[in-house]
Amino acid sequence: MALISLEDLDGLEDEELDNDITDNPEPMEDDEQQRLYTHWQAIASTHQVSVPREMTGPIQELTQRNQAQEREQVPFSSISQHEKMGKVLFEERVYPAGKWACIIKGEKLYEQSISMGFMKLMKFICKENSVGRYLGMTVPIVNSIQMLEDGNGFQKDILTAYYLPAQFQANPPQPTDPDITILQREALRVITLTFFGTTTEETIMPQINLLWEMLGPSEEMHRNSYMVAVYDNPGVSCRRNEIWFIRRDP
């Protein structure tokens with residue numbers, strides 16, 4: 001199952017644009033626009049999401065920006081890595097406080113929620129903001145999940161978050177979509193486990209269980225909330241994701 005939420009973003013970056021916020025990429029031909037839209041619609045249909053026609057512009061924007069330099073990495077400091085036979089099993093990191101654009105969606109399926117949320121964030125990134133310009137892409141996109149009371153599944157509401165590029169941290173552009181909120185998040189200390197492939201509730205739960213097996217019993221981590229970080233273009237067959245366990249405040 002492919003995810004629409006980062007499709008066509010491989011190699012996308014936070015570009016150095018000139019000061020003219022009306023500097024737009026050359027428009028695509030109609031048949032090329034239709035091809036891209038059809039491609040996204042096919043991906044979306046695999047998990048019961050429909051791509052509205054109004055997404056044609058953001059899809060074109062991100063596709064054309066795809067030839068830019070590397071995407072901006074969300075900043076962090078590595079605290080420790082735990083290895084076995086030369087392979088990193090999990091890593092502890094600290095992410096500094098910063099501003100994120102966030103949206104909550106509560107669809108039937110996890111993958112529907114993150115797809116619907118990210119399509120709205122795409123429009124925010126692609127000029128539907130108070131400065132009227134393309135903002136640039138950062139990775140990872142981070143999805144926050146809350147567990148059901150019995151611990152056997154996810155609650156419906158998923159918060160999808162996009163870290164604002166460094167040049168916008170001090171004075172963040174405001175979204176025109178009232179569903180998107182700019183949040184100042186406090187510093188976050190997490191234990192991370194890398195895994196590869198698609199991200200659905202069925203693929204995420206085994207990774208959560210695996211990391212608990214590695215860590216053993218611990219009261220230092222939250223057990224009712226986790227984060228899923230997504231890095232790669234879903235067209236990559238072995239794309240990178242991470243589970244983040246969140247340390248409790250000391």
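The values are calculated or read from the model by the stated rules, or taken from the named source; none is laboratory data. Since this is a predicted model, take the numbers as computed values, not measurements. Neighbour counts are summed over all protein chains in view; Cβ atoms, including those assigned to glycine, are modelled from backbone coordinates with ideal geometry. These accessible areas exclude ligands, DNA and RNA; they are computed on the full protein's heavy atoms, side chains included. Shrake-Rupley method; radii C 1.70, N 1.55, O 1.52, S 1.80 Å.
When the surface is traced with a 1.4 Å probe over the full set of protein chains, Asp31 keeps roughly 110 Å² accessible.
Show Thr138, Thr38 ordered by accessible area, largest first, where the area counts protein heavy atoms only and the probe is 1.4 Å.
Final ranking, largest accessible area leading: Thr38, Thr138.
Given their separation in residues at 0.36 nm each and the Cα-Cα distance between them, Ser225 and Glu83 gain 48.6 nm when the chain is fully extended.
FRET efficiency for the Arg35 to Gln169 pair, using the beta carbon distance and R₀ = 45 Å, is estimated at 0.80. Distance between the 7 Å Cα→Cβ label points at Ala42 and Glu149: 4.5 nm.
Under a model in which nothing but the beta-carbon of Lys, Arg (+1) and Asp, Glu (-1) is charged, segment 118-250 shows a dipole of about 560 debye around its Cα centre. Rolling a 1.4 Å probe over the protein heavy atoms leaves Lys120 with an accessible area of roughly 50 Å². Estimated at 0.36 nm per residue, the fully extended path between Phe76 and Ser130 surpasses their Cα-Cα distance by 16.7 nm.
Here the average projected area of the convex hull drawn through the C-alpha atoms of segment 49-184 stands at 11.0 nm². For segment 138-250, dividing the convex hull volume of the Cα atoms by the residue count gives 136 Å³ per residue.
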